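**Student:** After the structure tokens below, expect a handful of questions from me.
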Amino acid sequence: MLRFAPLMLLPLVLSACKDETVSGYTQVTTDFVLEEVNGSPFAARATINLGETGVISGEGPCNGYTAAQKAPYPWFEIGPIAATKRACPDLRQEAKFFDALQGMTLSEVTGGVLILSNTSGGQMVFNAAP
């Protein structure tokens with residue numbers, strides 16, 4: 001019985017671990033809405049949600065999406081984006097959104113503002129949805 005004691009404690013230890021991704025550092029439980037990409041207003045509606053540990057999700061201009069996010073804060077690195085396949089007039093904006101999102105490497109959360117950026121000068125600014 002004693003040799004199984006460490007295994008019995010494992011769930012307790014894991015439940016005490018803090019989420020080290022950007023999700024664990026935000027107090028916002030709602031979506032963030034994209035306002036700007038590289039200093040210019042984003043011409044369509046897109047959101048990101050950080051509510052689930054190690055996952056981002058949201059709505060692009062046309063499709064819902066999800067991706068794994070496991071880099072510790074302040075780094076930001078997502079896995080491949082899985083998205084629905086609906087067509088709409090904003091598909092170009094959606095491609096711009098997904099391309100920019102996959103190119104971000106740093107995250108900063110301050111109150112209701114999420115800023116994603118990279119070392120090449122790229123930046124995405126999101127505000128918490130009302």
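The values are calculated or read from the model by the stated rules, or taken from the named source; none is laboratory data. This structure is a prediction, so every number in the text was calculated from the model and none was measured. Glycine gets a Cβ as well: all are built from the backbone with ideal geometry, and neighbour counts include every protein chain shown.
**Student:** Search the range 11-37 for residues being surrounded by 10 or more Cβ atoms within 10 Å (Cβ to Cβ) and over 20 Å from Ala129 (Cα atoms), and hand back the single one that is modelled with the lowest pLDDT. Break it down into steps so the answer makes sense when it comes.
**Tutor:** Keep residues of the range 11-37 that are surrounded by 10 or more Cβ atoms within 10 Å (Cβ to Cβ), which gives 19-26, 28, 30-37.
Okay, now just the ones that are also over 20 Å from Ala129 (Cα atoms), so 19-21.
Working: Asp19: 70, Glu20: 80, Thr21: 81.
Checking each candidate, the answer is Asp19.
**Student:** Does Ala95 fit the bill of being touching a Gly at 6+ places or on another chain (Cβ under 6 Å), aliphatic (A, V, I, L, M), surrounded by 13 or more Cβ atoms within 10 Å (Cβ to Cβ) and without any contact (Cβ under 8 Å) to a residue 24 or more places away in the chain? Before the answer, list the steps.
**Tutor:** Values: touching a Gly at 6+ places or on another chain (Cβ under 6 Å): no; aliphatic (A, V, I, L, M): yes; surrounded by 13 or more Cβ atoms within 10 Å (Cβ to Cβ): yes; without any contact (Cβ under 8 Å) to a residue 24 or more places away in the chain: yes.
No, not satisfied.
**Student:** Okay, next question. Filter the strands (runs of 3 or more DSSP E) completely within the range 39-130 down to those with at least 3 residues that are small (Gly, Ala, Ser).
**Tutor:** Details: elements: 55-59, 64-68, 106-110, 113-117, 123-128.
Passing ranges, in order: 64-68.
**Student:** How many residues, within the range 69-81, are surrounded by 15 or more Cβ atoms within 10 Å (Cβ to Cβ) and either without any contact (Cβ under 8 Å) to a residue 40 or more places away in the chain or touching a Pro at 6+ places or on another chain (Cβ under 7 Å) (or both)?
**Tutor:** The qualifying residues number 4.
**Student:** What residue, among those in the range 90-130 that are among the hydroxyl-bearing types (Ser, Thr, Tyr) and modelled with pLDDT of 95 or more, is nearest to the chain's Cα centre (by Cα)?
**Tutor:** Keep residues of the range 90-130 that are among the hydroxyl-bearing types (Ser, Thr, Tyr), which gives 105, 107, 110, 117, 119-120.
When the remaining residues are screened for being modelled with pLDDT of 95 or more, the result is 105, 107, 117, 119-120.
Details: Thr105: 11, Ser107: 9, Ser117: 12, Thr119: 18, Ser120: 19 Å.
Result: Ser107.
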